[in-house]
Amino acid sequence: MKIYGEISKVRETVKNWKRKGLTVGFVPTMGYLHEGHKSLIDTARKENDRVVVSIFVNPMQFGPSEDFASYPRDLEKDAKLCEDAGVDLIFHPEADEMYADGFCSYVDMNGLTTELCGKSRPIHFRGVQTVVLKLFHIVTPDRAYFGQKDAQQLAVIKRMVRDLNVDTEIIGCPIIREEDGLAKSSRNTYLSQEERQAALILSRSLKIGKELVDSGETNAAAVKAAITAELETEPLAKIDYVEVVEFNTITPVDTLTGSVLVAIAVYIGKTRLIDNFIATV
Ligand code: PAF
């Protein structure tokens, strides 16, 4: 397995693979890899001849008061996980390799990014789209893999690729959870023991919402109320949002129909966690 920080080396390697007719799967990450990332890598491994993982904590997608500086990093551990999982190449650039002096071009979107996380993180998706499009231009993957835990991000990337004619297939992969239900996330490491226990309220409240939807409830307000009521039983939880939106467009719905995303963001102490489920009604 190679680890490159230079764009030119990644380009050269991928061009060589493509000349031989090999397909390339890509898993973009910010590192501190866990089972969720591993499941993306495993799927990429099965579906492609070569697998590239990028590890880059992208400053552009963090707001000024967010956790860019404290975001966990451990390249050695990440490299071991990738090596064991059969990754061929890690792209691990420095910020100035990705954003040269005078950088001033961005990818933005009118719809999809204003609801849910876009409300409390107004510059987040512009940063995500910009870096992901840049990574796609560097790696030129046949397929790229994103977790459903960041469901809004998945919808945004799918739309960007469609709108801007990017020749990469976007593949959404299921949420991977701890045994007790907590969705895997690099940010779970911020939680104290007491907060880790309290964080179970996210998956518990969604389970109640899902049971309601499965039993035939199509009123979005009723689903949101049931989830909110359960979240409010946890004193350490502070709700950012509980929303029901159409998955492909991320527009709020009153009635559940088609592919709907039921999504929540909740502060447990200072840590903001997200979770969701997608239902086809
Ligand atoms: O989901 C993430 O880890 C990041 O948002 C991504 C897609 C790697 C872009 O920085």
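Values as computed for the structure displayed
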| read-out | value |
| --- | --- |
| Those residues of the stretch 165-203 whose amide nitrogen sits under 19 Å from the label point placed on Asn110, 7 Å along Cα→Cβ | 165 |
| Most fluctuating residue given options Ile239, Ile264, Ile157, as computed from a GNM of the chain linking Cα atoms under 10 Å | Ile239 |
| Cut-off under 5 Å, modelled amide H: who pairs with Phe26 long-range | Val52, Arg143, Ala144, Tyr145 |
| Estimated dipole of the stretch 118-190 in Debye, rounded to 20 [Cβ of Lys and Arg +1, of Asp and Glu -1, Cα centre] | 340 |
| Charge dipole of the chain about the Cα centre (unit charges at C-beta), most positive-ward option of Pro28, Ile227, Val266 | Pro28 |
| Karplus (6.51, -1.76, 1.60) ³J(HN,Hα), θ = phi - 60°, over the stretch 102-108, in Hz, Gly and Pro reported as x | x, 4, 8, 10, 9, 9, 9 |
| Antiparallel DSSP beta bridges within the chain, as percent of all bridges there, nearest 5 | 55 |
| Rounded accessible area of Asp254 (nearest 10 Å², 1.4 Å probe) | 130 |
| For the chain: relative contact order, % (alpha-carbon pairs under 8 angstrom, 6 or more apart) | 17 |
| Chymotrypsin sites (Phe, Trp or Tyr not before Pro) within the stretch 97-135: DSSP coil, no more than 14 neighbouring Cβ in 10 Å | Phe103, Tyr106 |
| Where GluC sites (Glu not before Pro) in DSSP loops with at most 16 other Cβ within 10 Å are excluded, longest remaining stretch of the chain | 95-177 |
| MRE, 222 nm, helices only [DSSP H, n ≥ 4, -39500 (n - 2.57), over the chain, to nearest 500] | -11500 deg cm²/dmol |
| Fluctuation leader among Leu164, Leu256, Leu135 - the chain, Gaussian network, Cα springs under 10 angstrom | Leu164 |
| GNM result for the chain, Cα springs below 10 Å: residue of Lys158, Lys270, Lys184 fluctuating most strongly | Lys270 |
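The values are calculated or read from the model by the stated rules, or taken from the named source; none is laboratory data. No experiment lies behind these values; they were computed from the predicted model shown. Note: ideal-geometry Cβ built from the backbone for every residue, glycine included; neighbour counts use all protein chains shown. Just the protein is used for accessible areas: all its heavy atoms, side chains included, with ligands, DNA and RNA removed. Shrake-Rupley method; radii C 1.70, N 1.55, O 1.52, S 1.80 Å.
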